[in-house]
Amino acid sequence: QVQLVESGGGLVQAGGSLRLSCAASGRTLSTYITGWFRQAPGKEREFVAAISRTTGNTYYADSVKGRFTISRDNDRLTVYLQMVSLKSGDTAVYYCAAKSGGNVYADYNYWGQGTQVTVSS
């Protein structure tokens, strides 16, 4: 009963920046964790980053640590993924996901439709 809508994807050259947004609506009171996942062509879907909407604690995959920053809006319903120093390997469909708690790296209950990020070299 939670709706997640991603936006902000697009085409960017290597080394550029992009900010993705995830807007949550519906019955969101118990969805305390929001995460970002991505799936590149020929690869499995992988964890990118997560944030606790209540505490603000953040978590990152090693592949994006230092380049990507996950944050939340003051209303705690919108979560952002600021991506800098983008590489061609970052090209993927990026998905926003939410869950009530537990392991921030897996087992998310709600998913957005995905937004395409393409990094050209």
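The values are calculated or read from the model by the stated rules, or taken from the named source; none is laboratory data. Everything quoted here is computed from the prediction, not taken from an experiment. Side chains included, ligands, DNA and RNA excluded: accessible areas come from the protein's heavy atoms. Shrake-Rupley method; radii C 1.70, N 1.55, O 1.52, S 1.80 Å.
Computed values, structure above
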read-out	value
Highest-fluctuation residue, ASN109, ASN74, ASN57 considered, GNM on the chain with Cα pairs under 10 Å	ASN74
Fraction of beta bridges assigned by DSSP in the chain that are antiparallel (%, nearest 5)	90 percent
Whole-percent carbon and sulfur share, accessible surface of the chain, 1.4 Å	46 percent
Relative contact order [Cα under 8 Å, 6+ residues apart], the chain, whole percent	36 percent
Where region 2-121 is the region considered: accessible area per residue in Å², 1.4 Å probe	50 Å²
Rel. contact order, % - alpha carbon contacts under 8 angstrom, at least six apart, region 38-103	29 percent
